[in-house]
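A short worksheet on the structure shown next.
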Amino acid sequence: MKREKLKNLIDIKDLSVKEIDDLIKVANDIITHKDKYSKKCEGKILATLFFEPSTRTRLSFESAMLRLGGRVLGFSDANCSSTTKGETLGDTIETVSGYADIIAMRHPKEGAPAVASKRASIPIINAGDGGHNHPTQTLTDLLTISREKGRLDNLTIGLCGDLKFGRTIHSIIGAMSRYKNIKFILISPEELKLPDYTITEVLEKNNIEYIETNDLEKYMSELDILYMTRVQKERFFNEADYLRLKDYYILNKKKLEKAKKDLCIMHPLPRVSEISTDVDDDPRAKYFEQAHNGVYIRMALILKLLEVK
Ligand code: NCD
């Protein structure tokens with residue numbers, strides 16, 4: 001059966017493994033032949049509608065479109081939009097559909113980009129919806145892993161921190177569960193464990209090996225990837241809980257003593273205190289490369305959704 005053409009990217013599962021691998025190929029080509037792509041989106045407009053704070057995702061989307069020769073418009077704060085006057089998301093989206101060719105949106109409500117895609121007449125990209133999903137961060141992560149390790153299979157991946165509210169975690173698990181021989185070490189305090197539905201619907205359904213632990217160092221020597229995350233302050237109901245959990249893990253040089261020489265240390269950023277700055281000059285620290293890779297994979301994604309050859 002022929003798959004329908006990809007119109008939106010709401011969930012990482014909207015992309016087949018082949019499509020992800022193709023996006024990575026294009027991103028790598030962009031990295032080596034930047035000039036070839038500098039006019040591909042001339043005349044096209046990207047709208048970035050950010051109802052939640054962002055540095056990397058919004059700016060890398062904008063940089064991606066500008067580097068493709070296109071233009072950008074949008075808002076980075078819902079308080080500057082008509083949302084404050086009571087406009088519904090659907091009406092905003094229908095309006096912006098006439099102002100741009102493609103929309104990247106971030107929203108605090110889980111499922112908002114899926115709802116928006118029903119009203120939009122142009123492609124919608126989910127740039128993060130609440131504690132749910134963040135598919136373009138995952139594409140960034142996969143590009144980074146494939147560049148650093150040369151493969152996306154046969155990997156032991158430690159995911160550490162806020163596995164409950166971390167949307168980057170939910171999306172990377174959805175993506176990596178489709179590659180061969182992946183083992184997850186899920187490192188979190190009891191209160192921030194991976195949601196049950198992800199365990200049953202993604203890991204167990206696909207027979208993926210996983211271990212849950214609250215001990216960051218216990219499995220350190222086995223890891224190929226260590227993916228650190230911040231405790232998601234904005235998703236907590238109670239400040240006292242956040243304060244109690246926020247410094248639960250602090251990765252430092254000492255804790256890396258038993259780690260593999262070719263460990264790849266990742267973080268979607270922003271970092272708060274979960275990676276000490278003494279790790280930054282370790283050659284295994286790849287989080288800033290990861291942030292830079294975000295531009296190239298988003299360029300590849302924009303080309304795909306706009307069907308630019
Ligand atoms: C992440 C996010 O917004 O979910 N940041 C990002 O997009 N690079 C991670 C986070 O905010 O902790």
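The values are calculated or read from the model by the stated rules, or taken from the named source; none is laboratory data. Please read all numbers here as calculations on a predicted model, not as lab measurements. Ideal geometry is used to build each Cβ from the backbone, glycine not excepted, and the neighbour counts take in all protein chains shown. Just so you know, the surface numbers come from the protein's heavy atoms only, side chains and all, with ligands and any DNA or RNA stripped out. Shrake-Rupley method; radii C 1.70, N 1.55, O 1.52, S 1.80 Å.
Filtering the range 233-248 to residues that are open to solvent by 20 Å² or more (accessible area, probe 1.4 Å) and within 16 Å of the ligand (Cβ to nearest atom) leaves LYS233, GLU234, ARG235, PHE236, TYR242, LYS246, ASP247, TYR248.
Among the numbered conditions (1) farther than 20 Å from ILE172 by Cβ; (2) assigned to a helix (DSSP H, G or I); (3) not small (Gly, Ala, Ser), the only one that LYS261 does not meet is (2). Looking at PRO283, PRO270, just one residue is closer than 30 Å to GLY70 by Cβ and open to solvent by 40 Å² or more (accessible area, probe 1.4 Å), and that residue is PRO270. Residues that are of a type in the set (D, E, K, R), closer than 21 Å to PHE165 by Cβ, open to solvent by 60 Å² or more (accessible area, probe 1.4 Å) and not in a loop (DSSP other than H, G, I, E, B) do occur in the range 208-231, at least one of them. A search for C-beta distances below 6 Å between a residue of the range 89-102 that is in the same structural domain as ASP129 (by TED's automatic domain parsing) and any residue that is among the hydroxyl-bearing types (Ser, Thr, Tyr), counting only pairs 6+ apart in sequence or on different chains, returns SER97/SER121. Assess whether ILE265 counts as being more than 15 Å from the ligand (Cβ to nearest atom), farther than 16 Å from ARG230 by Cα, open to solvent by less than 10 Å² (accessible area, probe 1.4 Å) and under 23 Å from the mean Cα position of the chain (by Cα). In short, no. Inside the range 176-187, can you point out the residues that are without any contact (Cβ under 8 Å) to a residue 60 or more places away in the chain, of a type outside the set (Lys, Arg) and touching a strand residue (DSSP E or B) at 6+ places or on another chain (Cβ under 8 Å)? MET176, ASN181, ILE182, PHE184, ILE185, LEU186 - these are the residues of the range 176-187 that are without any contact (Cβ under 8 Å) to a residue 60 or more places away in the chain, of a type outside the set (Lys, Arg) and touching a strand residue (DSSP E or B) at 6+ places or on another chain (Cβ under 8 Å).
Every condition in (1) under 21 Å from the mean Cα position of the chain (by Cα); (2) over 20 Å from LYS286 (Cα atoms); (3) modelled with pLDDT of 95 or more is met by GLU212 except one, and the failing one is (1).
The numbered conditions (1) surrounded by fewer than 24 Cβ atoms within 10 Å (Cβ to Cβ); (2) within 15 Å of the ligand (Cβ to nearest atom) are all true for GLY161 except (1).
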